[in-house]
Amino acid sequence: MDFELKTLGVEGAANERCDALLVLLDEGFKAGTDPLSKIAADAIKAKGFDTKPGKTLQAWRPPGVTAARVLLLGCGDGSPRRIHSAVHGAVASLRTAGIRRMAICLPPSSDDGRAVRAAVAAAAEASYVFVSTKSKPEPSEIEKVVIGCADAALARSDFQAARGAALGIELARELGNLPPNRATPTRLGEEAKRLAKTGGFQCEVLGPKEVARLGMGSFMAVAQGSEEPLRFIVLKYHGAAAGEAPVVLVGKGITFDSGGISIKPAPEMDEMKFDMGGAASVLGTFRALAELKPRINVVGLIPACENLPSGRAFKPGDVVTSLSGQTIEVLNTDAEGRLILCDALTYAERFKPRAVVDIATLTGACVIALGAVRSGLFSTDDELAEALSQAGELALDPCWRMPLDDEYGEGLKTNFADVANVAGRPAGAVTAAKFLQRFAGSYRWAHLDIAGTAWKGGAAKGSTGRPVGLLVQYLLSQEQAPRSVSRRGAKAEPAPRKRTRAGVRAQ
Ligand code: BES
Ligand code: MN
Ligand code: ZN
């Protein structure tokens with residue numbers, strides 16, 4: 001599916017050649033004398049339609065309109081969130097309705113860029129269907145979506161960003177949704193190689209021997225119970241001068257998390273195929289980089305393996321030696337994400353990065369804390385935290401900063417190693433982040449816990465592709481950002497948050 005952006009108002013929309021035309025009308029709607037305005041005004045008068053969010057009216061070949069099918073969509077205050085939900089609902093209902101070309105006419109707004117972003121993201125999200133393991137696939141029939149707004153020139157850069165992100169989100173969803181017998185560590189390595197070839201990236205995929213030679217004892221311990229060989233993926237995107245410090249993205253790539261010897265209960269264990277959501281988001285972000293080509297350098301690191309019980313599996317009580325040299329007592333083999341990430345964080349040091357962001361479906365506790373709305377954000381650096389937060393708001397892929405006070409790390413103490421891999425149940429998302437912080441060496445670091453946001457359960461079960469939107473927007477923001485001096489060591493309390501218009505709306 002591809003997108004096109006043009007300047008188009010409700011008057012011009014009547015002449016738009018397409019199979020379906022979505023006309024979004026907000027509460028400020030003033031009817032003109034054009035055919036679509038007349039229909040809307042007439043229907044509003046007769047209580048057949050309303051500009052309130054969720055209200056819709058369908059018409060077939062209305063007089064004076066070129067499109068066969070017209071949907072009027074109420075979008076209330078016209079905020080990005082309202083536009084997103086109006087477009088999402090309509091596109092989902094039209095996915096397999098024989099529509100190839102669709103046009104979406106946005107209401108005139110003071111912020112076309114954000115409206116366009118919402119429309120692109122919603123249309124892409126709603127038209128996606130996972131078909132690769134269906135014997136009789138019914139893919140989306142929509143080929144082209146024209147987005148019409150008041151001034152296309154003003155919204156162009158937002159449009160490009162949203163379009164690039166949508167391609168990355170789609171790849172992340174596709175990889176996340178693959179069953180765990182297909183999305184093996186080996187397959188993730190192959191996907192990275194394929195991506196590198198088409199996108200012009202450098203890519204190295206290390207196997208068990210190389211990882212052993214490096215000394216990633218913690219990562220290897222998690223992988224040792226499985227027959228599937230581990231992979232350590234290194235992707236490099238060069239958009240700036242070779243000397244420019246890269247942003248490093250580290251993605252948790254557990255392609256199936258049974259819990260290992262500390263085995264999980266059976267209900268919903270299938271959802272642990274999504275435990276490579278961090279890895280998928282790194283690959284998705286690189287897909288977007290291939291499209292958008294920002295002038296920055298980015299490195300992607302993915303430790304990928306399965307976490308399974310077996311006669312060779314690691315077990316509670318084992319002490320492993322990480323790449324950093326720190327020894328770790330494994331008290332729970334189900335806290336495996338941090339054990340593979342810690343070695344990747346140490347490895348990241350060699351790139352002398354300007355920032356490292358790790359992305360992981362790390363803790364059930366984060367799902368309890370923040371649900372499926374916001375990802376958990378942890379950072380020792382206020383500036384980095386703020387940049388990631390703002391990127392999340394703009395991309396409609398929000399996160400929320402959590403604390404990192406040293407007191408939270410107390411429970412990780414043990415008599416038998418430098419650190420234990422779990423603390424008690426309280427503040428589980430924070431103690432996991434405190435564990436990672438010990439391995440985030442001398443660089444600016446942030447951790448995104450996406451356990452609640454990377455996939456949906458229930459009837460709509462499937463990968464969301466989050467936080468690719470946030471990551472792509474953050475990287476684009478770094479293209480303009482001054483190369484600021486690190487502000488590490490800043491007190492762990494969250495910075496006072498400005499309750500911006502966008503922030504309030506996104507809640
Ligand atoms: N992949 C899970 C985290 C998870 C659990 C994500 C449920 C989404 C839903 C992770 O590896 C895990 O098992 N974490 C444990 C940590 C605990 C043993 C300290 C958890 O959250 O229960
Ligand atoms: Mn686990
Ligand atoms: Zn896990």
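Values in this text are rule-based calculations from the coordinates and carry no lab data. Computed from a prediction, not measured in an experiment: that's the story for all the values here. Positions of Cβ are backbone-derived with ideal geometry, glycine not excepted, and every protein chain shown enters the neighbour counts.
Tell me which trypsin sites (Lys or Arg not before Pro) from segment 11-86 have a DSSP coil assignment and no more than 13 other beta carbons within 10 Å of their own. Here the sparse-neighbourhood loop sites are Arg17, Lys30, Lys47. Remark: the Cα gyration tensor places segment 1-74 in the prolate category, a/c being 1.5 or greater and a/b exceeding b/c. Computed over every Cα-Cα pair of the chain and binned at 10 Å starting from 0, the pair-distance distribution P(r) comes out as 4, 20, 29, 23, 14, 7, 3, 0, 0 percent. Across segment 2-154, the convex hull enclosing all Cα atoms gives 103 Å³ per residue. Computed from the Cα positions only, the extents of segment 60-105 along the three principal axes stand at 29, 25, 13 Å, in decreasing order.
Shape class for segment 234-363: oblate, because the ratio a/c of the largest to smallest gyration tensor axis (alpha-carbon atoms, square roots of eigenvalues) is 1.5 or more and b/c is at least a/b.
As a proxy for reagent exposure, Glu4, Glu410, Glu174 were ordered by neighbouring Cβ count within 10 angstrom, fewest first; the result is Glu410, Glu4, Glu174. Note: segment 196-237, Cα convex hull, 79 Å³ per residue.
With the crude spin-label approximation of a point 7 Å out along Cα→Cβ, what separation in nm comes out for Trp60 versus Lys144? Here the answer is 2.5 nm between the modelled labels. By how many degrees, between 0 and 90 and to the nearest 10, does the Cα long axis of helix 428-437 differ from the longest principal axis of the chain? It works out to around 60 degrees. Taking only C-alpha pairs under 8 Å that are 6+ residues apart, what is the relative contact order of the chain in percent? For the chain, the relative contact order is 14 percent. Can you give me the C-alpha center-to-center distance between segment 146-162 and segment 304-366, rounded to a whole angstrom? With segment 146-162 and segment 304-366 each reduced to a Cα centre, they are spaced 42 Å. Relative contact order of segment 306-411, taken over Cα pairs closer than 8 Å and 6 or more residues apart, is 16 percent.
Remark on Ser375: its backbone amide H falls under 5 Å from those of Cys399, Trp400, a criterion applied only to residues 5 or more positions apart or on other chains, H modelled at 1.01 Å from N. Candidate cross-link partners of Lys55 among the lysines, defined by an alpha-carbon separation under 29 Å and a same-chain spacing of 8 or more, comprise Lys6, Lys30, Lys38, Lys45, Lys47, Lys144, Lys456, Lys461. Note on Lys45 and Glu210: the model spin-label points, each 7 Å out from Cα along the C-beta direction, lie 7.1 nm apart. For segment 107-195, the spherically averaged projection of the C-alpha convex hull amounts to 7.2 nm².
By the count of other C-beta atoms within 10 Å, a proxy for reagent exposure, Thr414, Thr285, Thr464 are ordered fewest to most as Thr414, Thr464, Thr285.
Would you please classify the overall shape of segment 346-415 from the alpha carbon gyration tensor, given that a ≥ b ≥ c denote the square roots of the eigenvalues, rounded means a/c under 1.5, and beyond that prolate means a/b larger than b/c while oblate covers the rest? Verdict is oblate for segment 346-415. Angle between the Cα long axis of helix 152-177 and the longest principal axis of the chain, 0 to 90 degrees, nearest 10? Once rounded, one gets 50 degrees.
Residues Glu11, Glu336, arranged from fewest to most other Cβ atoms within 10 angstrom of their Cβ, appear as Glu11, Glu336. Mean sequence separation of contacting Cα pairs (under 8 Å, at least six apart), scaled by the length of segment 2-154, corresponds to a relative contact order of 33 percent.
Computed from phi, the 3J(HN,Hα) profile of segment 83-95 under the Karplus parametrisation 6.51, -1.76, 1.60 (θ = phi - 60°) reads 5, 4, 6, 5, 5, 4, x, 5, 5, 4, 6, 9, 4 Hz, with x in place of Gly and Pro.
Run down the aspartates and glutamates and flag those whose C-alpha is under 16 Å from the C-alpha of Lys209, throwing out any fewer than 8 positions away in its chain. Output for Lys209: Glu227, Glu228, Asp343.
The simple spin-label model puts a point 7 Å past each Cα toward its Cβ; for Arg156 and Ala372 those points are separated by 3.8 nm. Working note: Karplus 6.51/-1.76/1.60 with θ = phi - 60° gives segment 332-346 the couplings 8, 6, 7, 8, 8, x, 5, 6, 8, 5, 4, 5, 5, 5, 5 Hz, where Gly and Pro are set to x.
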